[in-house]
Amino acid sequence: MKILHLNGEWQFREKGGNKWAKATVPGSNFTDLLNNGMIPDPFVGVNEKDKAVQEVALKDWEYGREFDIDDVFLKYESIELVCNSLDTLADVTLNGQRIISADNMFKRYTVDIKPYLMVGSNVLHAVFYSPIKYVNAEREKNKLMMSFDAIAPAQYIRKAQYHFGWDWGPQLPPSGISGDIYIKAFNKACLGDVSFRQTHSEDGVNLAIRADISEKTAGQSRYTVKLEIISPSGDTLIESADAVNGAASLSLNIKKPVLWWPNGLTDKETQPLYRINVYLHIGNTILDQKDYNIGLRTIELDTSSDSWGKRFAFKVNGRRIFAKGANWIPADSFTERVSYDKLDRLLKNMRDANMNMVRVWGGGFYESDDFYNICDKYGILVWQDCCFACQPYPLDKEEFVGRIEEEIYYNIGRIRHHAALALYCGNNELEQMAISWRFNKELKEATGRFFYRTLPDWIRQKDDVTPYWASSPSGGELLNGVNSESVGDTHLWRVWHGLSPYTYYRKVYTNFCSEFGMQSLPTMNTVKKFAQPEDYDLNSPVMKNHQKNMAGNSIMKYYLVADHRSPKHFEDLVYLTQVVQSECMREPTEHWRKNSGRCNGALYWQFNDCWPVSSWSSIDYYGNFKALHYAARRFNQPLTVIIENGGESGKDGMTLYVVNDGMKDFKGELLWRIESFDGEILAYGKYDVEAGGNVSQKLALLTFGKLLKTHGNDCVFVAELKENGVTVARKTALFKKEKKLDLPKSEITAGVKADGDAMRITLFSKRYARFVKLELDGITEPFSDNFFDMTANQEVSVTIAVPKNWDVETVLQRLTIKSIGDIEPGASELSDFLYKVKMNMKPMNIIKRIGYLLGI
């Protein structure tokens, strides 16, 4: 076999234009235009709305390149062109002969091109047609409700829906050769579909492999498939079998298997994987080879009955897990810019935040092979939506449905072997938003038929092991039990869209929450990349353009003034929106974790961004951690203490819980105390703790009415979980909202010294400091911890990687330290109160609240 790679330098132009310009493949028209200086950067300022930028998706574009073929290459029996992704509507020609008409970016195109090749120079040419013009024309034939956030009705085309705009993303639908493109030449045969099936027992794991053979002429030769399995420790097993009727089946038993587990259930930073090399032989000649990494594990979705209804819980290797994680959107508006290193960094950040599951949201695309390989490595389970989201699709039209079948076969066949794969989900929020299609009888029947019969049937033809769920959220039956607490999964948006306080979550005992969220501004390092100082105002055109949720800025301020005073300075507004976001995600996650067993998962919306924007993400587009991501590491900690202030213990009380998600039993003690902001110990106590694996237990219910009446509310409750005298978890809580307390200004000193390739910053706080934020101007790398509380006379050390030419003095000069007590108010308490009243009285917000109360 021989591969001729066609990635790299191409040429492109507007269709029919006179002048070609340099293009890069994989790529898109937007990035090629940007790289040639032909459009302004759409991520900066208000350039997204620039006329030249907006016209890109309204035009047709040509791409072309030449390549040479010699007579030796041309003698191969089979020569195929392989395009891993064409985005989206395209005609591809080779030497003037049309070989592909593309209409789906989610599938691979493979075509025999030997009849069209010639010795010497060959010309490959592609014309990409405007996606906006196409979908608008399709809607004229069949009018369906479209997204308010989109530039055009995206549901008529098999293209990533977020390209057209979302409430966190720009309206920049690209076109181009978006995946690898190459020519594959081979003689006789090559490997086709390769599938694996694991059977676990007390004797080990039986691994059955089937390898299909793709022959030029069936039955003409005798083929052998050889299998090589290399264990995590390097031991090798070898097996071979002759092909019969175009396929070979092999089976091996792996004794004493090293099992794959989700992150947090073992002490390993990476999970054990078995390397499998599959070879196709004819005699002693290797015709083809495919390589895989697999993890040995079982996966199931438990939907059996329980005392509250029906469970929705994942089991790995027979053990129920609490899923902790977030929703993933595409990591860039232009996917060619997403490198392996960027994916690895983001998913490692996810692992380090003690997450064990990521939901790949259905408005994007089926992720790259690199993505799933990295999830395998780090032990991050993948909930995979199929690519449908939030709007009605023309599923009553045969032609449209026909485009999807190959997409499903290709992607399921591509990802099914991954240990991380936990679930296929049919769509995102089609049932929750059924108001847009449920009264169209034909469309309702077609939608139900597709997601409950057709799609799962297609998936099972390729993978009958991985669980399937028709929609998210769903009760498991079409339009029955959507967002119910007692069955299926939920998307809970009364906090944010419904303006409910985030303590509302304490009333909700969902089986599994696969979406809940709160927006914040991106970090100042990111703001500085798209805005100038004169733009630092939520009402400036630039900041409004980098906020895609219609009421987003108003809602962020609404939640901010609920707990804090409105700040005078923009930088403090950034800080406080992030603090509010982190607390809003901590509250429900800890609530559901302490009710583990009834509640089985919390995936917040959202993990990442596709461009610089105010959004629900915990890591912004440039990789800067918001407060939420630092908080997630703490509230997802496998062994932890949870403090619930108020609630069951009353307004002057604290309830203590210990949660242990791990496999090991814990034996230790919990120490609590109440300190004044100056460090005086006002009360303290201790409890012995024994917590088995996969256990949540209430430890104590404490009330402090008399103490608070004597000393006031300017104090902090501290709880520390200790094992053999070492603190393994530490939490703090206040008795009142921050705006009701006299929080002291920071009195924190900082010392800096080199620590290997990083700098170690040691802080000492003379008084209590709430949400201490450290920032190094111009540095994207995260601190080892940030946005944490410091009690009086406490010392804390953190580390951060800095450029090699930075010394201690540079770090000290660039370091800023801030806490809630340092914020200068910019409005009166009355003004903040009236702002909340005004927001609550807006007609649209009243309608939303009524809708949530009615369950629509």
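The values are calculated or read from the model by the stated rules, or taken from the named source; none is laboratory data. All values derive from a computational prediction rather than experimental measurement. When we count neighbours, we look across all protein chains shown, and the Cβ atoms used for this are built from the backbone with ideal geometry, even at glycine. Only protein heavy atoms, including side chains, enter the accessible area calculation; ligands, DNA and RNA are left aside. Shrake-Rupley method; radii C 1.70, N 1.55, O 1.52, S 1.80 Å.
A compact table of results
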item: Positions within the range 818-834 being modelled with pLDDT of 95 or more and either in contact with a Leu (Cβ under 6 Å, 6 or more places away or on another chain) or open to solvent by less than 30 Å² (accessible area, probe 1.4 Å) (or both), in sequence order; result: 819, 820, 821, 823
item: Strands (runs of 3 or more DSSP E) fully within the range 689-762 counting 1 or more residues that are under 11 Å from residue 658 (Cα atoms); result: 695-703, 715-723, 726-734
item: Every residue from the range 34-54 that is more than 19 Å from residue 610 (Cα to Cα) and not in a loop (DSSP other than H, G, I, E, B); result: 51, 52
item: Residue 75 without any contact (Cβ under 8 Å) to a residue 24 or more places away in the chain, surrounded by fewer than 18 Cβ atoms within 10 Å (Cβ to Cβ) and of a type outside the set (Phe, Trp, Tyr); result: yes
item: Pair list, Cβ under 8 Å, 6 or more apart: the range 110-121 residue without any contact (Cβ under 8 Å) to a residue 60 or more places away in the chain, other residue of a type in the set (S, T, N, Q) and part of a loop (DSSP other than H, G, I, E, B); result: 116/95; 117/95; 118/95
item: Residues located in the range 199-225, provided they are open to solvent by 70 Å² or more (accessible area, probe 1.4 Å), modelled with pLDDT of 95 or more and closer than 24 Å to residue 78 by Cβ; result: 210
item: Residue match in the range 605-622 (condition: among the charged types (D, E, K, R) and either surrounded by fewer than 24 Cβ atoms within 10 Å (Cβ to Cβ) or on the phi > 0 side of the Ramachandran plot (or both)); result: no
item: Flag for residue 504 being without any contact (Cβ under 8 Å) to a residue 40 or more places away in the chain, surrounded by fewer than 18 Cβ atoms within 10 Å (Cβ to Cβ), hydroxyl-bearing (Ser, Thr, Tyr) and more than 22 Å from residue 41 (Cβ to Cβ); result: yes
item: Top-ranked residue of the range 453-497 - restricted to ones that are under 30 Å from residue 581 (Cα atoms), aromatic (Phe, Trp, Tyr) and in contact with an Asp or Glu (Cβ under 8 Å, 6 or more places away or on another chain), ranked as surrounded by the fewest Cβ atoms within 10 Å (Cβ to Cβ); result: 493
item: Number of positions in the range 133-145 that are surrounded by fewer than 21 Cβ atoms within 10 Å (Cβ to Cβ) and either touching a residue at least 12 places away in the same chain (Cβ under 8 Å) or outside any helix (DSSP H, G or I) (or both); result: 9
item: Boolean, residue 44 is in contact (Cβ under 8 Å) with a residue 40 or more places away in the chain, under 21 Å from residue 136 (Cβ atoms) and surrounded by 14 or more Cβ atoms within 10 Å (Cβ to Cβ); result: no
item: Count - residues of the range 435-455 that are at pLDDT below 95 and of a type in the set (Phe, Trp, Tyr); result: 2
item: Residue in the range 535-545 that is open to solvent by 10 Å² or more (accessible area, probe 1.4 Å), touching a residue at least 60 places away in the same chain (Cβ under 8 Å) and touching a strand residue (DSSP E or B) at 6+ places or on another chain (Cβ under 8 Å) present; result: no
item: Scan of the range 47-61 for residues that are charged (D, E, K, R) and farther than 17 Å from residue 531 by Cβ, ordered by number; result: 51, 55, 59, 60
item: For residue 772: the one exception among (1) closer than 23 Å to residue 671 by Cβ; (2) not in a strand (DSSP E or B); result: (2)
item: Residues of the range 232-247 satisfying the condition of being of a type in the set (Gly, Ala, Ser), closer than 22 Å to residue 296 by Cα and surrounded by 11 or more Cβ atoms within 10 Å (Cβ to Cβ); result: 240
item: Unmet criterion (only one of (1) more than 33 Å from the chain's Cα centre (by Cα); (2) surrounded by 14 or more Cβ atoms within 10 Å (Cβ to Cβ); (3) under 27 Å from residue 414 (Cα atoms)) for residue 109; result: (1)
item: Some residue of the range 427-450 being open to solvent by 10 Å² or more (accessible area, probe 1.4 Å), closer than 22 Å to residue 380 by Cα and among the small types (Gly, Ala, Ser); result: no
item: Filter result for residue 23 (under 30 Å from residue 545 (Cα atoms), open to solvent by less than 10 Å² (accessible area, probe 1.4 Å) and either small (Gly, Ala, Ser) or not in a helix (DSSP H, G or I) (or both)); result: yes
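Let's see how each residue does on (1) surrounded by 20 or more Cβ atoms within 10 Å (Cβ to Cβ); (2) closer than 30 Å to residue 223 by Cα:
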site: 286; (1), (2): no, yes
site: 301; (1), (2): no, no
site: 305; (1), (2): no, no
site: 329; (1), (2): yes, no
site: 335; (1), (2): yes, no
site: 340; (1), (2): no, no
site: 363; (1), (2): yes, no
site: 375; (1), (2): yes, no
